[in-house]
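Everything below concerns the one structure shown next.
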Amino acid sequence: MSIFKKFFKNVIHDRDPEDETVTVSINSVVKCGLSLAGVDEDVIISVLVRRNNEQRQKIKAVYEASTGERLDEALKGALRSDFEDVSLALLMTPAHLDAYLLRKATKGFGTNEEVLVEVLATRSNQEIREIKKVFKEEYEQDLEEVIKDETSGDFATALLAMLKANKDETHEVDIALARKDAEILFEAGENSAGIDVSAFIDILTTRSGKQLSKTFQQYACVSDITLPKALDMELGGDIEDCLIAIVKCAWNTPAFFAERLHMAMKGHGTCEDTLTRVLVSRSEVDLKRIVEEYRAMYDESLQEHIVRDTEEHYQKILLGLCGPY
């Protein structure tokens, strides 16, 4: 039996039903030796999907202590393509995954603005601080400096504002502030000759989701159109996409991700990077609600769409993350 079969089968069966902690027989793993022949992808899927991220980190530690090799490096040599990508993503901590995504989005020719906005607009202040810390440790660069080098203009300003991680995270809603912010946004956009983007960036990147939702309601009292429509009329390019994404997240974050997943599978071809990124990063956050929103928005289950657009072990692991349907 290969090292993967023996190791992962031990992980599946040696678990504490009370606290779900991972206990693995190190001796049995060491006796196997390291052989990549006959990798059992179904067993790997079962282990990665049935464990939460904290437990997967323990599995990584035990594997390295038992074999002297990093588990992610071993999987790179044993797996292929999209199944390899999603398996490796599941083995990263949330902060390491986000740092990796931001690095990938800014490295090489061009930038992936969609990923930059998605990550920074949907993470908490503490999560952003941790991402910046990991990014510096892993890539020996400050994330802010990378953003300055790779983006420009109002879009860069908005990203850097989110990187400050000073968004209000209280649950209270200030009606007077919402009314004032709505008026500021109206005067900065529709009711002026040119748009004052800085006012939009300041408000949209510092207010809580609940506060912004109330602001959007108040905006409807001073304008004949919705805020997203106003942004669409007044702006263009990356900054428009960025601010509209922030607005959508404030209204309904699961619906925002449901739309991302739908667009990744709409029409000809599938964006596997988006499927992997969203399903892994939200798997322990709000994926259940995303699945519910998807059905409500598109009149079919997310799982049914995944079955149509993916195949083999990659399909199985995605379905495992989504849960039964």
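The values are calculated or read from the model by the stated rules, or taken from the named source; none is laboratory data. Since the structure is predicted, the reported quantities are computational estimates derived from the model, not experimental observations. Cβ coordinates were reconstructed from backbone atoms using ideal geometry, including for glycine residues, and neighbour counts include every protein chain displayed. Each accessible area value is taken on the protein alone, full model and side chains, heavy atoms only, with ligands, DNA and RNA left out. Shrake-Rupley method; radii C 1.70, N 1.55, O 1.52, S 1.80 Å.
Tabulated results
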{"quantity": "Residue-span extension gain [residue 196 to residue 262] - 0.36 nm each, minus C-alpha spacing", "calculated": "20.5 nm"}
{"quantity": "Heavy-atom surface of region 178-325, accessible at 1.4 Å and reported per residue (Å²)", "calculated": "46"}
{"quantity": "Carbon and sulfur %, accessible surface of the chain computed with the full protein complex present, 1.4 Å", "calculated": "48"}
{"quantity": "Equivalent ellipsoid semi-axes, region 88-245, via Cα gyration tensor eigenvalues times 5, rooted, Å", "calculated": "30, 18, 12"}
{"quantity": "Dipole axis of the chain (+1 Lys, Arg; -1 Asp, Glu on Cβ), positive-most option in 97, 237, 160", "calculated": "97"}
{"quantity": "Trypsin sites (Lys or Arg not before Pro) within region 130-208, DSSP loop, no more than 15 other Cβ atoms inside 10 Å", "calculated": "164"}
{"quantity": "Backbone HN-Hα couplings from phi across region 250-260 [Karplus 6.51/-1.76/1.60, Hz, Gly and Pro as x]", "calculated": "5, 5, 6, 4, x, 5, 4, 6, 4, 5, 4"}
{"quantity": "All-pairs alpha carbon distance profile, region 155-313, 10 Å steps from 0, percent", "calculated": "10, 34, 32, 20, 5, 0"}
{"quantity": "All lysines inside 26 Å of residue 248 as judged from Cα atoms, apart from same-chain residues fewer than 8 positions distant", "calculated": "104, 132, 148, 164, 167, 180, 210, 214, 229, 266, 288"}
{"quantity": "Average accessible area per residue (Å²) across region 94-164 - probe 1.4 Å, nucleic acids and ligands excluded", "calculated": "49"}
{"quantity": "For q = 0.08 Å⁻¹, Debye-computed log10 I/I(0) when each Cα of the chain counts as one equal scatterer", "calculated": "-0.44"}
{"quantity": "Cα centroid separation, region 271-325 to region 91-136 (Å)", "calculated": "21"}
{"quantity": "Expected 222 nm ellipticity per residue - DSSP helices of 4 or more, -39500 (n - 2.57), all of the chain, to 500", "calculated": "-22500 deg cm²/dmol"}
{"quantity": "Distance in nm between pseudo-label sites at residue 126 and residue 187 (7 Å out along the Cβ direction from Cα)", "calculated": "3.8"}
{"quantity": "Leading residue at positive end of dipole, region 253-322 (Cβ point charges), from 274, 254, 307", "calculated": "254"}
{"quantity": "Gain upon complete extension [residue 152, residue 295; 0.36 nm per residue less C-alpha separation]", "calculated": "47.7 nm"}
{"quantity": "Taking only Cα atoms of region 253-322, radius of gyration then Dmax in Å", "calculated": "10.7, 30"}
{"quantity": "Phi-based couplings in Hz for region 265-276 (Karplus 6.51, -1.76, 1.60; Gly and Pro marked x)", "calculated": "10, 7, x, 7, x, 9, 8, 5, 4, 5, 4, 4"}
{"quantity": "Gain on full stretching of the segment that runs from residue 285 to residue 69 - 0.36 nm per residue minus C-alpha separation", "calculated": "74.7 nm"}
